[in-house]
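The values are calculated or read from the model by the stated rules, or taken from the named source; none is laboratory data. What you see is a predicted model; the values in this text were computed from it and never measured. As a convention, Cβ positions derive from the backbone with ideal geometry for all residues, glycine included, and neighbour counts pool all protein chains shown. Protein only, heavy atoms only, side chains kept; ligands, DNA and RNA dropped before computing areas. Shrake-Rupley method; radii C 1.70, N 1.55, O 1.52, S 1.80 Å.
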Amino acid sequence: MRVVWRRLSLGLVMLVTSCGSGTPAQPEQLALVPYPASVTRLEQGFTIESGDTVTSAEPAVAAQLVAGISADTGLELTTGPTGRIRLDLDAPQAGAEGYELTVGPGGAHISAATAEGLFRGAQTFRQLARERAVPGVRVSDRPRYAWRGAMLDVARHFRPVADVKRFVDLMAAYKLNVLHLHLTDDQGWRIAVPGWPNLTTVGASTEVGGGPGGFYTAADYREIVRYAQERFVRVVPEVDVPGHTNAALAAHPELTCDGVAPEPYTGIKVGFSALCPGKPETARFLNDVLKELAALTPGHHLHIGGDEVEKLSPREYAQIVELATQAVTANGKEVVGWQEAGATVLPPNSLIQYWQTNGGPEDVKRAVAQGAKVIMSPASRVYLDMKYDDSTRIGQTWAGTTEIDDAYDWDPATLIEGIGDDRIEGVEMALWTETVVTMNDVELLAFPRLPAIAEVAWTPQSQRSFDAFATRLAPLATVWDRWEVDYHRSPRIAWP
Ligand code: ACM
């Protein structure tokens with residue numbers, strides 16, 4: 001029987017069978033997340049075996065695919081010049097991250113214009129190969145948004161490099177491409193900066209709840225960047241100023257207005273700290289910190305925070321944020337800021353990150369009027385630290401509880417009136433870690449919402465429905481068990 005999926009103009013998916021048997025046994029959609037832009041079922045696929053060879057003009061991508069299939073299935077594939085699984089740079093029309101994937105009885109072929117496109121296609125192939133019998137299929141795919149991010153707060157609770165790498169692996173499997181590291185906050189400073197030694201000897205030694213904290217050396221940070229780059233994830237570092245700075249102020253009291261160091265802070269309140277406006281040390285600090293981050297970060301963007309400042313007048317706030325944004329520009333990078341930064345003068349090509357549905361749209365509109373594009377991070381949808389329901393063992397509830405359908409079932413283009421896809425750079429989930437102590441905690445809050453939000457960011461809106469997603473999501477749990485990933489067994493999904 002030949003089974004073909006066709007997309008109708010209304011975005012419905014219709015099963016077309018060419019043999020008249022009337023008994024299409026195929027599930028509605030292949031269990032792929034994020035679902036590709038276009039999927040056509042073909043008659044026959046092949047069964048992948050240990051010893052199968054991956055052939056590619058991009059050997060690093062081939063090696064990643066071999067490692068991914070091993071993690072998913074236990075099969076040991078190899079790389080070499082003649083294999084049944086071929087990755088070629090022969091689809092110039094596919095765009096920066098797009099790809100074509102064809103699976104037939106002779107094997108699989110992934111075509112793209114870039115190594116990144118091949119890598120994205122390889123993630124789709126991994127999902128198809130999960131149970132070894134790879135179905136015949138033709139996929140043509142590219143992302144809805146260029147920015148598909150996840151923020152990890154390593155300030156409230158520090159995460160060692162190995163944990164960040166595991167998080168990158170989990171992101172990359174779902175075609176996410178931006179790791180936003182929230183490196184500094186009231187409870188800890190996590191990156192070494194030349195000339196400011198106490199940031200690490202003092203500022204890094206605390207975390208929420210009184211644990212030991214920690215920080216990344218330049219070598220640690222470079223290793224995270226390298227590992228992420230290998231998986232086509234770029235790192236966007238955030239130093240949050242002018243608020244959320246108690247750890248820096250405790251470490252270097254010359255940054256306070258009265259020169260007195262505040263007590264280190266290990267609670268979970270916000271809004272009480274700020275750099276001192278008008279002090280030359282403030283400008284020197286911002287220049288030194290952003291210069292170092294620019295030097296360590298190959299990506300285009302540095303995030304300057306800007307959220308939740310209660311201790312400064314609007315004029316003082318703008319003065320410090322503009323010092324920070326000018327330092328970003330002076331070091332050849334572009335600015336990302338939380339929505340509040342929309343009240344300041346932004347450099348060209350800035351990105352503004354929407355997070356708070358209550359009051360945020362006005363700040364975002366001010367930024368957009370200056371030419372900024374928007375990253376959508378509505379707390380009630382994509383803040384992974386919100387509990388799923390009242391029984392979730394960790395997490396917060398200030399933006400509500402967020403079950404899997406809440407995380408999935410929204411359209412970024414209808415969130416803020418007048419801001420459609422032409423002004424939206426992408427979607428980013430955020431995992432704040434006030435209540436998140438271990439890597440298991442990270443995983444429990446991220447799964448299954450991370451794949452859900454990855455699909456919001458990747459898949460055309462016309463291809464998305466929660467019911468179809470729920471059916472595709474359920475079988476992925478088998479792989480999460482193999483990866484030993486903790487996940488929330490949402491009652492809204494029929495898990496295996
Ligand atoms: C934020 O949640 N304060 C950006």
- Message: Pairs please, first residue from region 391-404 and free of Cβ contacts under 8 Å to residues at least 24 places away in the same chain, second anywhere and in a loop (DSSP other than H, G, I, E, B), Cβ atoms under 6 Å, 6+ apart in sequence or on different chains.
- Response: Thr397/Lys387; Thr401/Lys387; Thr401/Asp389
- Message: Can you pull out every residue in region 430-441 that is more than 16 Å from the ligand (Cβ to nearest atom), over 23 Å from Tyr408 (Cβ atoms) and either among the hydrophobic types (A, V, I, L, M, F, W, C) or crowded, with 18+ Cβ neighbours inside 10 Å (or both)?
- Response: Val437, Met439
- Task: Tell me which of these Ala399 doesn't satisfy, since it passes every other one: (1) within 22 Å of Trp147 (Cα to Cα); (2) crowded, with 18+ Cβ neighbours inside 10 Å; (3) within 16 Å of the ligand (Cβ to nearest atom); (4) not aromatic (Phe, Trp, Tyr).
- Result: (1)
- Task: Please list, ordered by first then second residue, the pairs with beta carbon atoms under 6 Å, 6 or more apart or interchain, first in region 268-285 and within 20 Å of Glu340 (Cα to Cα), second acidic (Asp, Glu).
- Result: Val270/Glu308; Gly271/Glu308; Gly271/Glu310; Ser273/Asp186; Pro277/Glu316
- Query: When the residues of region 348-362 are filtered to those that are of a type in the set (Gly, Ala, Ser) and out of contact with any Lys or Arg (no Cβ under 9 Å at 6 or more places or on another chain), which remaining residue is farthest from the ligand (Cβ to nearest atom)?
  - Reply: Gly359
- Note on the structure: Scanning region 201-216 residue by residue, those part of a helix (DSSP H, G or I) and open to solvent by 20 Å² or more (accessible area, probe 1.4 Å) turn out to be Thr201, Gly209, Gly210
- Tally the residues that are touching a His at 6+ places or on another chain (Cβ under 9 Å) and free of Cβ contacts under 8 Å to residues at least 60 places away in the same chain, restricting the search to region 448-488. 1
- Criterion: under 30 Å from Val345 (Cβ atoms), under 16 Å from the mean Cα position of the chain (by Cα), more than 16 Å from the ligand (Cβ to nearest atom) and open to solvent by less than 50 Å² (accessible area, probe 1.4 Å) - qualifying residue of Ala413, Ala446, Ala457: Ala457
- Filtering region 341-354 down to residues that are closer than 30 Å to Gly400 by Cα and either touching a Phe, Trp or Tyr at 6+ places or on another chain (Cβ under 6 Å) or surrounded by fewer than 18 Cβ atoms within 10 Å (Cβ to Cβ) (or both) yields Ala343, Gln353
- Message: Conditions first: (1) in a loop (DSSP other than H, G, I, E, B); (2) within 16 Å of the ligand (Cβ to nearest atom). Val427 passes all but one, so which condition is the exception?
- Response: (1)
- Taking region 328-342 and keeping only residues that are within 16 Å of the ligand (Cβ to nearest atom) and either without any contact (Cβ under 8 Å) to a residue 12 or more places away in the chain or assigned to a helix (DSSP H, G or I) (or both), one is left with Gln339, Glu340, Ala341, Gly342
- Message: Can you say whether Val345 is of a type in the set (Val, Ile, Thr) and within 16 Å of the ligand (Cβ to nearest atom), as far as the supplied structure shows?
- Response: no
- Query: Assuming Ala96 fulfils every condition listed in (1) surrounded by fewer than 19 Cβ atoms within 10 Å (Cβ to Cβ); (2) over 18 Å from Trp458 (Cα atoms); (3) touching a Lys or Arg at 6+ places or on another chain (Cβ under 9 Å); (4) of a type outside the set (D, E, K, R) apart from one, which condition is it?
  - Reply: (2)
- Task: Under 9 Å between Cβ atoms, at least 6 apart or on separate chains: pull out the pairs that start in region 418-432 with a residue that is in contact (Cβ under 8 Å) with a residue 12 or more places away in the chain and acidic (Asp, Glu) and end on any residue that is within 12 Å of the ligand (Cβ to nearest atom) and not in a strand (DSSP E or B).
- Result: Glu428/Ser377; Glu428/Val382
- What are the residues in region 464-496 that are among the hydroxyl-bearing types (Ser, Thr, Tyr) and under 18 Å from Gln127 (Cβ atoms), if any? Thr471, Thr478, Tyr487
- Query: Could you say whether any residue in region 466-485 is of a type outside the set (Asp, Glu), open to solvent by 50 Å² or more (accessible area, probe 1.4 Å) and farther than 18 Å from Val168 by Cα?
  - Reply: yes
- Message: Are there strands (runs of 3 or more DSSP E) fully within region 6-106 with at least 2 residues that are modelled with pLDDT under 95? List them.
- Response: 13-17
- Message: Among the residues of region 363-391, what is the count of those that are open to solvent by 50 Å² or more (accessible area, probe 1.4 Å) and more than 16 Å from the ligand (Cβ to nearest atom)?
- Response: 7
- Of all residues in region 328-340, which are in contact with an Asp or Glu (Cβ under 6 Å, 6 or more places away or on another chain) and open to solvent by 10 Å² or more (accessible area, probe 1.4 Å)? Glu340
- Given (1) closer than 21 Å to Ala31 by Cβ; (2) buried (at least 23 other Cβ atoms within 10 Å of the Cβ); (3) touching a Gly at 6+ places or on another chain (Cβ under 8 Å), number of the condition Ala108 does not satisfy: (3)
